[in-house]
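The values are calculated or read from the model by the stated rules, or taken from the named source; none is laboratory data. This is a predicted model, so every value here is computed, not measured. Cβ: placed from backbone, ideal geometry, glycine included. Neighbour counts: every protein chain shown.
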Ligand SMILES: *Cc1c(COP(=O)(O)O)cnc(C)c1O
């Protein structure tokens, strides 16, 4: 029986995306590949709301794209500010640290949003910082930071803006050009309605400038050969052709629906989900002013074990929801409304959650 997969990635695939993956292999140096690759790049550019920034696609996951951003922009000892309010913000800081950057971390409580003014005052004391690393949608806490406002203070301070938009771009409005995002990273398995396996990076002119002098070691993730090849409709090394078939079809679906309509669909579904959760008498985890449109985090009542809730949902309802990560493991569950979904699937998940909690309360 098919599961109702309601986790924030991998997200469910439309039927036509699944079918696209059964197409035969093609020569990755031939005209058919070039035509597909150019189409995908053009669509991704439009969906990133940029006219000039480059799209690079690597076989890999979102974390690979984050690492790619770090090794392509910086040299050992470069000063950067990492802004975090959850697991994925912390991950960006860890990657920067692993590569020997001179890191300053600005943290906010989990469930809260990044305060752009705090970023501004932090940056005023960091004149030699090169860049700010930030998460757009913090999937672990179901909070969407105000990237528009954060970008203003980062640009005023004259820093590069490096955005983890893995669970955002494609589902939540992200204005790469207007906001001056220098790097935007994402993974195919979240908003892009595609299988896991592709890391997507969007690179600005200023990021290319930084890339020229960045000396961190890199080979596979090096942006330069990726761009040289992309100009020929190719990739430097063997591309994940099957994953690209899927992405091509998914992007066609997204653009046929219309980017604004896709955003609106997520806004609407998130609102319905939060109302339904509150209707069950349950408490939302995220600050309501910054609640995410792609995932909802729900606090479990006292005495209710989130893992037990998820197990019953899986065994008895075939509904798969996410637990909390790290410190939130015993506190929350998360229901995703990200990418391809039918409203009924999400309502079924919320209603079943209510039933299971009532059942467990009686035990
Ligand atoms: C899922 C996710 C990642 C990590 O992506 P992987 O594809 O699992 O490596 C990074 N950041 C955010 C915000 C995410 O939601």
Handout entry: Residue satisfying all of: in the stretch 51-66; part of a helix (DSSP H, G or I) and surrounded by fewer than 22 Cβ atoms within 10 Å (Cβ to Cβ); nearest to the ligand (Cβ to nearest atom) among these
Key = 63
Completion exercise
Of the residues in the stretch 294-307 that are surrounded by 15 or more Cβ atoms within 10 Å (Cβ to Cβ) and more than 14 Å from residue 141 (Cβ to Cβ), the one that is farthest from the chain's Cα centre (by Cα) is 304
Fill in the blank from the handout: Filtering the stretch 67-85 for residues that are within 16 Å of the ligand (Cβ to nearest atom) and without any contact (Cβ under 8 Å) to a residue 60 or more places away in the chain leaves a count of 2
Practice task
Kindly indicate whether any position in the stretch 127-137 is out of contact with any strand residue (DSSP E or B) (no Cβ under 6 Å at 6 or more places or on another chain), touching a residue at least 40 places away in the same chain (Cβ under 8 Å) and outside any loop (DSSP other than H, G, I, E, B).
Solution key: no
Completion exercise
When (1) more than 16 Å from the ligand (Cβ to nearest atom); (2) farther than 27 Å from residue 258 by Cα are applied to residue 141, the one that fails is (1)
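Is there a residue being more than 18 Å from residue 59 (Cα to Cα), more than 10 Å from the ligand (Cβ to nearest atom) and either crowded, with 24+ Cβ neighbours inside 10 Å or under 16 Å from the mean Cα position of the chain (by Cα) (or both) anywhere in the stretch 180-198? Walk me through how you get there before you give the answer.
We begin by selecting, within the stretch 180-198, every residue more than 18 Å from residue 59 (Cα to Cα); these are 180-182.
Right, trim to more than 10 Å from the ligand (Cβ to nearest atom) and you get 180-182.
Next, from what is left, pick out any that are either crowded, with 24+ Cβ neighbours inside 10 Å or under 16 Å from the mean Cα position of the chain (by Cα) (or both): 181-182.
Yes: the stretch 180-198 contains one or more residues that are more than 18 Å from residue 59 (Cα to Cα), more than 10 Å from the ligand (Cβ to nearest atom) and either crowded, with 24+ Cβ neighbours inside 10 Å or under 16 Å from the mean Cα position of the chain (by Cα) (or both).
Under the condition of being part of a helix (DSSP H, G or I) and touching a strand residue (DSSP E or B) at 6+ places or on another chain (Cβ under 6 Å), which residue from the stretch 151-163 is surrounded by the most Cβ atoms within 10 Å (Cβ to Cβ)? If you could, list the steps in order and put the result at the bottom.
From the stretch 151-163, those part of a helix (DSSP H, G or I) are 151-156; that's our starting set.
Next, only the ones that are touching a strand residue (DSSP E or B) at 6+ places or on another chain (Cβ under 6 Å) stay: 151, 154.
Numbers: 151: 23, 154: 29.
Per the criteria, the residue is 154.
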Handout entry: Qualifying residue in the stretch 124-131 (condition: under 27 Å from residue 192 (Cβ atoms) and within 15 Å of the ligand (Cβ to nearest atom))
Key = no
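In the stretch 2-21, is there at least one residue being modelled with pLDDT under 95, more than 16 Å from the ligand (Cβ to nearest atom) and either surrounded by fewer than 17 Cβ atoms within 10 Å (Cβ to Cβ) or under 27 Å from residue 222 (Cα atoms) (or both)? Please lay out each step first, then the result.
To start, the set of residues in the stretch 2-21 that are modelled with pLDDT under 95 comprises 2-3.
If we keep only those that are more than 16 Å from the ligand (Cβ to nearest atom) as well, we get 2-3.
Add one more test, that the residue is either surrounded by fewer than 17 Cβ atoms within 10 Å (Cβ to Cβ) or under 27 Å from residue 222 (Cα atoms) (or both), and what stays is 2-3.
Looking for residues that are modelled with pLDDT under 95, more than 16 Å from the ligand (Cβ to nearest atom) and either surrounded by fewer than 17 Cβ atoms within 10 Å (Cβ to Cβ) or under 27 Å from residue 222 (Cα atoms) (or both), one finds at least one in the stretch 2-21, hence yes.
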